[in-house]
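Chemist: What follows is a structure written as structure tokens; I'll ask about it next.
The values are calculated or read from the model by the stated rules, or taken from the named source; none is laboratory data. Bear in mind that the values here come from a model prediction, so they are computed numbers and not experimental data. Here Cβ is always computed from backbone atoms with ideal geometry, including for glycine, and neighbour counts include all displayed protein chains. Areas reflect the complete protein model, heavy atoms only, side chains present, ligands, DNA and RNA absent. Shrake-Rupley method; radii C 1.70, N 1.55, O 1.52, S 1.80 Å.
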Amino acid sequence: MTLEAFADTILPGQKRVADDVAIAGVAAGPGAVAAGALELLGWPATGITGLLPDLVKALNSHAASYAATRELALDPRLPAFPALAFEHRTALVLILTATGHQEKAMWVLLALFSYMAFDAAAHLHTASAVTGGHPGLATLGLTQPDDDGLWRFPRNSYGRSLADPHPDTTPTGSPA
Amino acid sequence: MTAVERTDIAVVGSGFGGAIPAYHLGAGGAKVVVLERGPWLNSDEFEHDYRLGSSFTRVFDFVVGDGMSVLSGNCVGGGSVVYFAAMPRAPGFIFERRGSIGRRMWPSAITRDRLDPWYDRVAEALPVTPQQWDQVSYAGGLWAAACRHSGRTANPVPVAVDADKCTMCNWMIAGCRFDAKRSLLLNYLPAAIVHGVHIRPLHEVQRISRRPDGSYRLHYNLIDGEDYRLTTGSGTIDAQVVVLAAGAGATPVILQRSEAALGPMPRAVGRYFSGNGERLNTAVMNEDAVRDVLGLCRDNGVAYEAYEIGKGPCVACWDRVDGSLPEYSRYSLEQLYFPLGLGTILAQVPDTSGPTWFGVEKKEMLASFRSWLTIFQMIEDDNEGVFGQPPQAGNADRLSQQMLGVGSLRYEPSATTLRAWAAADADVRSILERDGLAKVAPWTSDLIGAYTVHPLASCRIGDDPRTSALDDRHELRGHPGIFVTDGSAVPCALTVNPAMTIAALAERAVPGIMAAARQRGVVVEYGAPAPDGSTSGRRGTAAQAAELARE
């Protein structure tokens, strides 16, 4: 739940069920969680999988401190980070990824893999992810591949001169 | 007892800096072994796939440093397999740059005029050709039109791409499936193999030591073909001459690690690293304004919506590539496609009071992906990068099984570099936000600092022993018989894409390497034609080659 809440803070989505806690539901359409952030993070090829239990602990510890400092009441039944409202999850992510924070590199890495699940579907083959309607790639509007899983764009150019070249261009096409 | 392998020439790395000398040395009769840390993939193995473990992550490396991340090739063919094949020559004023060292950074022997014949050789070999407007992607055309609307010029950049084979798929970073991109897998490397050069993939050289007879011993690890964090063995090979071309992010690390055995390194090894002054801006175009203001319309009736279509960079504005301007105020602005999966996180939402790189508004920006336009700045940085202590192996502590690692490079941009980026940012904004064409913002430097796809200068040529590691023939000062021919030899940021210059310098270095090899008893003769047998380039460099072969 904690990692889902973090991924949802990075690229938010709509709640899966009405009482969804991890996904705050601040954005329409699917976000990083629906795109497979947890599946990607759970793949040892990323190199981050073994660190996740410690990251969860650390994130909830930071969230508890954050809440205590601001006198925010947290639902004791929930881990501290998912218990934060979205605006506070966002504020905490900004703190953890700010220049000078000792653990910055790890939180940036966690955010990077949250992104990669959404904008690259790095846990799936891209062609089948696009044809299968992967929510992140569909949001980006990637074109469907050809039948062999490769992309080709036979229409690709305005086909006309659209600027004057620099006057010092040499015959090789390079600057002088 | 294991037999020690011996060769005349050991080449470390198989990108431009390695493949070009390997070809000439092999064709000239020397026994050449190329040690490449990455895998060997052929075109039918290059995939359109971002999945971890695909060709994209097998051939491409992303090394995070302190203030600078380096993106580079990691395969047979090196950077040429993953590059976007933009091949402009460096402008003439670059060779007069002084940087902050108070003297010309380039050796006096090298000017643009003197390098042009070597550029010609590369242009013949790959080949490199000027690009026509009907070969320019929609994104390139859009950038050109926006530049013209602002009273600027814009050029289709010369490229090493076979336009007849190119499908404009924009998957160049994962290797070209269609053999359209003229990588080294299509010219120098197959020609080298014909001449008996041995290429050994997944051999990562860690350090070099000296033998009692003055030859060198290279110590390498064998890298697992799937999980690069693992080694499957190790070995050594002895050579009379070493050509180091592991890339500007790796060559200095190998030399640092060799210092205990070889003796003190020149001061400039691992210093003066340049990221080629690179920085990206991403714009979200207003499709209506593209149609109404610029008069652009695709044949499907849409004005643009074509960010994913193309072949990397097609068009550059060179108005600030102007030798009459002061140093640090010159730069190019080049349209680019940046593949998904790595950089998307760094693109910032323009004009927001909320978080710029994540959150609700960033997701909305992603929904406009088809209307993105990315502009690549190449300013003159100040060679600020310094390598720290080498990692245990390779040039990075690998985090993921492929691609992602943490290296020892530190980079703190100087005031001149920051000012140049700010000026280029403002210039991009003035072009793209004019008349409501777009909203634009630079990529954030808050998360990983700066980044470069063109690492340079970490072991550079020059005339001054204090500020250059190599002499003007690329020989490592104080260590005769070791040459460096990759991007680390280029002294400074070029304001344009550097692959053409790296390749031209590698061509130029060959006569000197051969002279050193002959002095060490290797029978080798200079004079091979281009890999396809063409000879006009060879004629153009004959006089300089004779000078460089002085023994």
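Chemist: For the protein assembly as shown, build the charge dipole from Cβ charges (+1 Lys, Arg; -1 Asp, Glu) around the Cα centre, then report which of A:128, B:418, B:261 sits farthest towards its positive end.
Modeler: Result: B:261, furthest along the dipole toward the positive end.
Chemist: Take chain A, mark every one of the trypsin sites (Lys or Arg not before Pro) that falls in a DSSP loop and has at most 13 other Cβ within 10 Å, then report the longest stretch left between them, sites excluded. Present the calculation step by step, with values, prior to reporting the outcome.
Modeler: Details: sites that count: A:70, A:77, A:155, A:160.
Longest stretch, sites excluded: A:78-154.
Chemist: A follow-up question, please. Please state the shape class of the stretch A:30-75: rounded when a/c is under 1.5, otherwise prolate if a/b exceeds b/c and oblate if not, all from the C-alpha gyration tensor.
Modeler: Cα axes put the stretch A:30-75 in the oblate bin.
Chemist: Between residue A:56 and residue A:72, how many nm apart are label points set 7 Å from Cα along the C-beta direction?
Modeler: Taking the two extended label points, one gets 2.1 nm.
Chemist: Once you place label points 7 Å from the Cα toward the Cβ at residue B:178 and residue B:464, how far apart are they in nm?
Modeler: Computed distance between label sites residue B:178 and residue B:464 equals 4.8 nm.
Chemist: Compute the angle between helix A:86-96 and the longest alpha-carbon principal axis of chain A, please, reported from 0 to 90 degrees and rounded to the nearest 10.
Modeler: Long axis of A:86-96 versus the principal axis of chain A: about 80 degrees.
Chemist: Sticking with this one: Evaluate the Kirkwood expression for the hydrodynamic radius of the protein assembly as shown, namely the inverse of the mean inverse distance over all pairs of different C-alpha atoms, and round to one decimal in Å. Walk me through the numbers on the way to the answer.
Modeler: Numbers: mean 1/r = 0.0385 Å⁻¹.
Result for the protein assembly as shown, one decimal place: 26.0 Å.
Chemist: Also: Any idea what the dipole of the protein assembly as shown comes to, in debye rounded to 20, about its Cα centre with Lys/Arg Cβ at +1 and Asp/Glu Cβ at -1?
Modeler: Value, rounded to 20: 1460 debye.
Chemist: Kirkwood Rh, Cα Rg: Rg to Rh for the stretch B:1-104?
Modeler: Details: Rg = 18.1 Å, Rh = 16.8 Å.
Looking at the stretch B:1-104, the ratio lands at 1.07.
Chemist: Here's a follow-up. Please name whichever of B:459, B:310, B:175 sits farthest to the positive end of the charge dipole of chain B, dipole taken about the Cα centre and charges placed at Cβ: Lys and Arg +1, Asp and Glu -1.
Modeler: B:459
Chemist: Can you give the percent of C-alpha pairs in the stretch B:450-551 whose distance is more than 18 Å?
Modeler: When every Cα pair of the stretch B:450-551 is considered, 52 percent fall beyond 18 Å.
Chemist: Does chain A come out rounded, prolate or oblate, given a ≥ b ≥ c as the square roots of the eigenvalues of its C-alpha gyration tensor, rounded meaning a/c under 1.5 and, failing that, prolate meaning a/b above b/c?
Modeler: Details: a/c = 2.50, a/b = 1.81, b/c = 1.38.
Cα axes put chain A in the prolate bin.
Chemist: Still on this structure, please answer the following. I want to make sure I understand the PRE zone here: with the label point 7 angstrom from the Cα of residue B:419 toward its beta carbon, which residues in the stretch B:315-330 have backbone N atoms less than 12 Å away?
Modeler: Residues B:326-330 qualify, since their backbone N sits under 12 Å from the label point.
Chemist: Here's a follow-up. Consider all pairwise Cα distances in the stretch B:326-383 and report the whole-number % of them above 12 Å. Can you show the working numbers first?
Modeler: Details: 1213 of 1653 pairs.
Across the stretch B:326-383, Cα pairs with separations above 12 Å total 73 percent.
Chemist: What total accessible area, in Å², is buried where chains A and B meet, using a 1.4 Å probe and rounding to the nearest 100? Write out the running numbers ahead of the final one.
Modeler: Numbers: alone 10600 and 19730 Å², together 24420 Å².
So the total buried area for this chain pair works out to about 5900 Å².
Chemist: Also: To the nearest 20 debye, what is the magnitude of the charge dipole of the stretch A:1-160 about its Cα centre, counting +1 on the Cβ of each Lys and Arg and -1 on the Cβ of each Asp and Glu?
Modeler: Working: 10 positive and 14 negative charges, 67 e Å.
For this selection, approximately 320 debye.
Chemist: Need the per-residue list for the stretch B:298-319: every residue with at least 50 Å² less accessible surface in the complex of protein chains than in the chain by itself, probe 1.4 Å, sorted by number.
Modeler: Those residues are B:308, B:318.
Chemist: Filter the trypsin sites (Lys or Arg not before Pro) in the stretch B:250-344 down to the DSSP loop ones having no more than 11 other Cβ atoms within 10 Å, then list what survives. Kindly include the intermediate steps, with their values, before the conclusion.
Modeler: Values: sites: B:257, B:267, B:271, B:279, B:291, B:298, B:311, B:320, B:330; in loops: B:267, B:271, B:298, B:311, B:320, B:330.
Nothing satisfies the criteria.
Chemist: Another question, then. Quick one: with all protein chains in place, what share of the accessible area of the stretch B:172-221 is carbon or sulfur, to the nearest percent (1.4 Å probe)?
Modeler: Here carbon and sulfur together make up 49 percent of the probe-accessible area.
Chemist: A further question follows. What Kirkwood Rh does the stretch B:168-317 have if only Cα atoms enter the pairwise 1/r average? Answer in Å. Spell out each step's value before the answer.
Modeler: Details: mean 1/r = 0.0489 Å⁻¹.
Value: 20.5 Å, from the Cα pair sum.
Chemist: Could I have the simple spin-label model distance between residue B:434 and residue B:536, label points 7 Å from Cα toward Cβ, reported in nm to one decimal?
Modeler: 3.7
Chemist: Taking the alpha carbon gyration tensor of the stretch B:83-231, what are the square roots of 5 times its eigenvalues, largest first, to the nearest whole Å? Don't jump to the answer; show the numbers that get you there.
Modeler: Working: eigenvalues 248, 134, 57 Å².
After diagonalising the Cα gyration tensor, the semi-axes are 35, 26, 17 Å.
Chemist: Then there's this: Rounded, prolate or oblate: which fits the stretch A:58-100 when a ≥ b ≥ c are the square roots of the eigenvalues of the alpha-carbon gyration tensor, with rounded for a/c under 1.5 and prolate only if a/b beats b/c?
Modeler: Working: a/c = 1.83, a/b = 1.78, b/c = 1.03.
In terms of gyration-tensor shape, prolate.
Chemist: Then there's this: List, in the order given, every pair from A:15/A:57; A:104/B:362; B:31/B:181; A:15/A:104; B:165/B:362 whose Cα-Cα distance in the structure shown is over 31 Å.
Modeler: Values: A:15/A:57 24 Å; A:104/B:362 20 Å; B:31/B:181 29 Å; A:15/A:104 28 Å; B:165/B:362 36 Å.
From the list (A:15/A:57; A:104/B:362; B:31/B:181; A:15/A:104; B:165/B:362), the Cα-Cα distance tops 31 Å for B:165/B:362.
Chemist: Still on this structure: For the stretch B:222-345, what is the accessible area per residue in Å², given a 1.4 Å probe and the full set of protein chains? Kindly include the intermediate steps, with their values, before the conclusion.
Modeler: Working: 3580 Å² over 124 residues.
Result: 29 Å² of accessible area for each residue.
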